[in-house]
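S.K.: This is the structure I have questions about; it appears just below.
The values are calculated or read from the model by the stated rules, or taken from the named source; none is laboratory data. What you see is a predicted model; the values in this text were computed from it and never measured. Positions of Cβ are backbone-derived with ideal geometry, glycine not excepted, and every protein chain shown enters the neighbour counts. Note: areas computed on protein heavy atoms with side chains; ligands, DNA, RNA excluded. Shrake-Rupley method; radii C 1.70, N 1.55, O 1.52, S 1.80 Å.
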Amino acid sequence: MASSSCLTKSKTSIIHHLKSIKLNSHNLLHTISSPPFPLPKQTTTSPIDSAIVCFQSLYFRRQLHSATSVNNEVHQLPAEAPLQQVLNYPVGKVKFTPKLAFTAGSTEERVPCYRVLNENGQPITDSDSLEISKELAVKMYTDMVTLEVMDTIFYEAQRQGRISFYATTTGEEAINIASAAALNNQDFVFPQYREPGVLLWRGFTLQEFAHQCFGNKYDNGKGRQMPIHYGSRKHNYFTVASTVATQIPHAVGAAYSLKMEKQDSCVITYFGDGGSSTADFHAAINFAAVLEVPVIFFCRNNGWAISTPTNEQFRSDGVVVRGKAYGVPSIRVDGNDALAIYTAVSGARKMAIEEQTPVLIEALTYRTGHHSTSDDSTKYRSIDEIEQWRGDQNPVKRFRKWIESKGWWSHEAESEHHINIRKQLSQAIQAAERVEKPRIADMFNDVYDVLPKNLMEQEAFIRKTIKKHTQDYPSDVPL
Amino acid sequence: MRGIISQKLGGLSSQVVGNYMLRLRPAASARHYSSATKEMTVRDALNSALDEEMAADPNVFVMGEEVGEYQGAYKITKGLLDKYGPERVVDTPITEAGFAGIGVGSAYHGLRPVIEFMTFNFSMQAIDHIINSAAKSNYMSAGQINVPIVFRGPNGPAAGVGAQHSQCYGAWYGSVPGLKVLVPYSSEDARGLLKAAIRDPDPVVFLENELLYGESFPVSAEALDSSFCLPIGKAKFSQCSSSVDRSQIEREGKDITITAFSKMVGYALKAAEILEKEGINAEVINLRSIRPLDRATINASVRKTNRLVTVEEGFPQHGVGAEICASVVEDSFGYLDAPVERIAGADVPTPYAANLERMAFPQIEDIVRAAKRACYRSVPMAATA
Ligand SMILES: Cc1ncc(C[n+]2csc(CCOP(=O)(O)OP(=O)(O)O)c2C)c(N)n1
Ligand SMILES: [Mg+2]
């Protein structure tokens with residue numbers, strides 16, 4: 001059988017491979033444990049210093065060796081092996097230990113989650129949180145509600161077949177709005193797809209959102225992308241990509257350009273728990289650490305990546321612990337506590353810019369909506385679980401309790417805002433629906449900076465064909 | 001729309017003018033299939049093929065995002081987790097580069113992985129393992145380590161999902177030595193080719209089409225048998241006629257050859273029906289395999305019909321049509337009575353807006369018009385320009 005022969009073949013080759021590894025590692029051990037060359041005479045008794053010398057000479061010898069390939073002293077053993085308790089590795093000192101102890105893959109104790117408001121919207125005593133003004137608090141709250149209502153209405157529009165696709169941000173309103181509030185509008189945003197609130201905060205209008213979802217000729221994306229793939233240069237918000245996590249290395253590259261220009265701003269990139277598994281995430285965070293660039297990695301750990309729960313996504317204590325592995329300062333925050341997020345992102349931004357360092361934030365939250373309109377999440381998770389997060393942990397309600405307790409918000413203000421936003425949205429949708437679809441020219445422009453000849457010809461050709469065979473073409477193609 | 005129409009027409013040659021006038025004769029079928037007894041969707045065809053191959057060979061396993069618990073983004077792996085357990089139906093983190101590489105490693109060691117990409121667009125994250133690992137290992141190990149792996153998933157444009165979800169990778173993978181690239185159209189294709197892919201000792205890229213999953217096709221009793229398998233590298237003739245069962249019969253074509261793969265086979269067959277009403281007898285070749293490409297079948301057909309239209313949804317430049325055209329020019333140039341017509345997707349990334357999206361891909365009318373042009377039945381566009 002083909003497969004069994006393959007098995008035999010590869011077994012042999014693996015054994016062969018193992019043998020060669022064994023040989024190599026033996027050589028390697030030998031070289032490190034007993035350097036086969038005489039050490040320079042020690043003038044100090046400090047074991048640390050002797051270790052340094054040892055490392056340097058080892059290193060030096062290798063250079064020498066490769067340069068000349070001859071070393072007559074190779075076979076002589078040192079007179080006396082120095083005591084080494086610390087290995088002075090190029091990036092820092094590493095202590096030796098005679099104990100065989102593997103580090104634990106996981107710890108009982110999980111990294112704590114930074115929170116300043118409890119479920120009842122009451123400040124937790126002794127919490128480190130920034131003071132925020134009434135104006136800011138109210139704007140944050142009203143934008144959270146606007147986002148919630150926008151999601152409800154666009155979702156319904158999709159269910160009615162008026163747009164082809166939609167995905168809500170429900171449950172992650174605090175992450176969207178509070179993080180945006182802590183940034184400067186000059187900071188670049190590299191979003192996944194569940195952060196339209198950042199754009200809302202920066203002034204993208206409900207009408208602009210509606211035009212994009214309807215892919216009409218006023219869509220600032222010219223009808224080129226699926227609904228919710230927003231982007232706006234004016235708002236320093238890069239266009240959403242469908243491919244999960246490609247934005248993360250892009251954010252690092254953009255942060256590098258800010259560093260080159262010595263700008264007082266930073267980059268933030270958002271991604272999900274699922275996105276944190278991609279090769280792009282790992283490459284990006286490692287590069288950010290090495291390049292020392294001002295970028296905030298904001299992971300929205302919402303428990304699910306479509307139907308994949310986080311315990312099938314990774315076995316680490318979430319995403320926050322990866323920061324340490326890559327040498328990046330990190331924090332875990334309660335993703336449903338707007339004030340904690342605001343404070344954490346403000347702090348991260350300051351560090352990123354002043355210290356030119358990446359920062360990783362993991363916000364723990366829950367995707368209380370379906371993944372998208374193509375998904376029915378009750379097929380893989382319990383309604384009880386969803387309801388619990390919608391109730392006790394609801395980020396919008398929690399923030400409302402807090403601003404109400406401050407006397408900054410009222411029942412009347414609440415219903416007025418709701419009515420107002422609903423009205424604006426239904427008008428926006430009706431208007432977007434009436435606007436005609438993009439022109440035929442929009443199919444060809446922007447493939448390149450300047451329209452090349454072959455595309456000009458194609459465009460002319462298609463116009464002519466449509467004119468000639470009108471019956472074969474849809475009527476909604478503005479020529 | 002027609003992606004490109006490149007060639008200027010030569011003068012009308014008198015010898016070809018009468019060709020299209022030939023009426024269709026009831027054809028003698030070269031081979032008899034058992035009559036179709038059952039209808040089956042492409043989804044069920046793929047699912048049953050996977051199921052049967054997993055039952056037959058314990059080394060076969062399925063891996064990809066959401067293939068287990070969720071039964072696949074398009075439900076192709078439905079029921080497999082219950083039947084074969086989580087060791088053989090493996091849900092993965094979102095790391096295409098990871099599970100493609102891990103799949104290749106498991107194939108080095110004798111397993112037969114079937115790797116599902118949610119869509120082939122995401123295989124771009126893993127293309128290094130498909131090309132540099134899977135496709136080249138047998139060669140680089142001097143035949144010591146073969147890679148019996150299948151990479152499968154929906155390919156090509158779907159509906160309303162924009163540029164990053166709508167692209168045909170047929171020509172991409174079709175250009176790589178070491179890979180085999182299969183492109184099923186019907187349920188029978190899907191069953192027969194997937195089984196062949198899983199049993200094959202080489203890496204196979206298996207390009208499905210999301211919009212075909214729900215379509216039903218008649219399947220013969222033979223195709224329903226668990227031993228059923230189609231040969232890799234063989235195209236299928238089928239010629240359209242309203243009076244004969246259109247998908248199962250091989251028969252002589254006369255006036256024009258239309259090559260297509262995947263969803264475009266259906267379009268080509270519909271175009272052939274329309275053409276027949278106008279007296280043009282088209283022969284449709286369902287490629288089934290892009291690599292190896294069945295050059296013999298294509299050239300034999302063109303030598304009979306003397307005309308060729310190629311249809312694909314991918315980009316025109318360096319496309320499958322370009323390769324077919326080159327093959328015919330090399331091998332059958334003297335038989336051509338008209339310039340080859342290539343129909344392809346427009347040379348732009350796929351737009352989302354429904355009106356523009358429709359314009360970006362071949363439609364049935366485009367095939368009909370191109371075929372008529374090749375048969376000199378309509379005033380060519382170039383001549384009116
Ligand atoms: C490279 C790639 N693989 C797979 C997909 C399909 N896909 C779209 S969203 C998604 C889940 C993402 O989950 P997560 O990053 O946790 O974000 P969330 O949806 O929870 O906000 C997947 C697998 C994709 N878009 N891109
Ligand atoms: Mg998630």
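S.K.: Determine which lysines satisfy two conditions relative to A:LYS397: a Cα distance under 19 Å, and not lying fewer than 8 residues away in the same chain.
M.R.: List returned: A:LYS134, A:LYS139, A:LYS406.
S.K.: Summing Lys, Arg as +1 and Asp, Glu as -1, what charge do residues with Cβ under 10 Å from the Cβ of B:ASP294 carry, B:ASP294 excluded?
M.R.: Here the count lands on +4.
S.K.: In terms of modelled amide H atoms, which long-range or inter-chain residues lie less than 5 Å from the amide H of A:TRP304?
M.R.: For A:TRP304, whose amide H was placed from the backbone, the distant partners under 5 Å are A:ARG367.
S.K.: Amide H neighbours of B:LYS38 under 5 Å, counting only residues 5+ apart in sequence or on other chains, H built in-plane at 1.01 Å?
M.R.: Amide H neighbours of B:LYS38, under 5 Å, 5+ apart: B:VAL219.
S.K.: Quick one: length gained pulling A:GLU109 to A:ASN185 fully straight, 0.36 nm per residue minus the C-alpha distance?
M.R.: 23.6 nm
S.K.: Between B:THR37 and B:LYS277, what is the FRET efficiency for a Förster distance of 22 Å, r being their Cβ-Cβ separation, to the nearest 0.05?
M.R.: Once the sixth-power term is evaluated, E becomes 0.15.
S.K.: Work out which residues of segment A:256-278 lose at minimum 20 square angstrom of accessible surface when the other protein chains are put back, relative to the chain isolated, with a 1.4 angstrom probe, and list them by number.
M.R.: Those residues are A:SER277, A:THR278.
S.K.: Over segment B:91-130, average the accessible area per residue using a 1.4 Å probe and give it in Å², no decimals.
M.R.: 25 Å²
S.K.: Under a crude label model (7 Å from the Cα following the beta-carbon direction), how far is B:SER220 from B:LYS304 in nanometres?
M.R.: The two pseudo-label positions are separated by 1.7 nm.
S.K.: Same structure again: Evaluate the distance, in nm, between pseudo-label points positioned 7 Å from the Cα of A:GLU412 and of A:ASP392 along their respective Cα→Cβ axes.
M.R.: Using points 7 Å along Cα→Cβ, the separation is 3.6 nm.
S.K.: Moving on to the next point. With the calculation restricted to Cα positions, what are the radius of gyration and Dmax of segment A:398-472 in angstrom?
M.R.: Both quantities, over Cα of segment A:398-472: 24.7, 69 Å.
S.K.: When only C-alpha pairs under 8 Å and at least 6 residues apart count, what is the relative contact order of segment A:70-225, in percent?
M.R.: 12 percent
S.K.: Once phi is turned into ³J(HN,Hα) by the Karplus curve 6.51 cos²θ - 1.76 cosθ + 1.60 with θ = phi - 60°, what whole-Hz value does each residue of segment B:212-221 show in order, with x for glycine and proline?
M.R.: 8, 3, x, 7, 9, 9, x, 10, 6, 4
S.K.: Using alpha carbon centroids, what distance separates segment B:134-161 and segment A:321-347, in Å?
M.R.: Segment B:134-161 and segment A:321-347 have Cα centres separated by 40 Å.
S.K.: Along the Cα-to-Cβ line of B:LYS234, 7 Å from the Cα, sits a label point; which residues in segment B:283-320 have backbone N less than 13 Å from it?
M.R.: B:288-289, B:294, B:297
S.K.: Counting only protein heavy atoms, probe 1.4 Å: which residues of segment B:91-121 lose 10 Å² or more of accessible surface in the full assembly compared with their chain by itself?
M.R.: Buried-area filter returns B:ASP91, B:THR92, B:PRO93, B:ILE94, B:THR95, B:ALA97, B:TYR108, B:HIS109, B:GLY110, B:ARG112, B:MET118.
S.K.: Still on this model: Counting other C-beta atoms within 10 Å, and keeping those with at most 14, which DSSP coil GluC sites (Glu not before Pro) do you find in segment A:309-402?
M.R.: A:GLU355
S.K.: Any chance you could check the Cα centroid distance between segment B:329-359 and segment A:106-169 for me, in angstrom?
M.R.: With segment B:329-359 and segment A:106-169 each reduced to a Cα centre, they are spaced 49 Å.
S.K.: I'd like the antiparallel share, as a percent to the nearest 5, of DSSP beta bridges with both residues in segment A:265-323.
M.R.: 25 percent
S.K.: Would you give the gap between the C-alpha center of segment A:370-415 and the C-alpha center of segment B:86-102, rounded to a whole Å?
M.R.: With segment A:370-415 and segment B:86-102 each reduced to a Cα centre, they are spaced 34 Å.
S.K.: Skipping prolines and chain starts, which residues have an amide H placed within reach, meaning under 5 Å, of the one on A:ARG332, given they are 5 or more residues away or on another chain?
M.R.: A:TYR114, A:GLU362
S.K.: Using a 1.4 Å probe and counting only protein heavy atoms, how much accessible surface gets buried when A and B come together, both sides summed, in Å² to the nearest 100?
M.R.: Buried: approximately 4500 Å² between B and A.
S.K.: Have a look at B:LEU212, B:ILE198, B:ILE149 and report the one farthest towards the positive end of the charge dipole of segment B:115-231, computed about the Cα centre with Cβ charges (Lys/Arg +1, Asp/Glu -1).
M.R.: B:ILE149
S.K.: Another question about this same structure. If the cut-off is a Cα-Cα distance under 20 Å, which lysines reach A:LYS234, setting aside same-chain residues fewer than 8 apart in sequence?
M.R.: By straight Cα distance, A:LYS234 reaches A:LYS217, A:LYS222.
S.K.: Okay, next question. Extending each Cα 7 Å along its Cβ direction at B:MET140 and A:ASP376, get the distance between those two points in nm, one decimal.
M.R.: Taking the simple label geometry, B:MET140 and A:ASP376 are separated by 4.6 nm.
S.K.: If you take the beta carbon distance between B:PHE333 and B:SER175 as r and set R0 to 35 Å, what does 1/(1 + (r/R0)^6) give as a FRET efficiency, to the nearest 0.05?
M.R.: Plugging the Cβ-Cβ distance into 1/(1 + (r/R0)^6) gives 0.95.
S.K.: For the pairs A:LYS93/A:LYS259; A:LYS437/B:LYS263; B:LYS78/B:LYS195, note any where the Cα-Cα span goes beyond 22 Å.
M.R.: A:LYS93/A:LYS259; A:LYS437/B:LYS263
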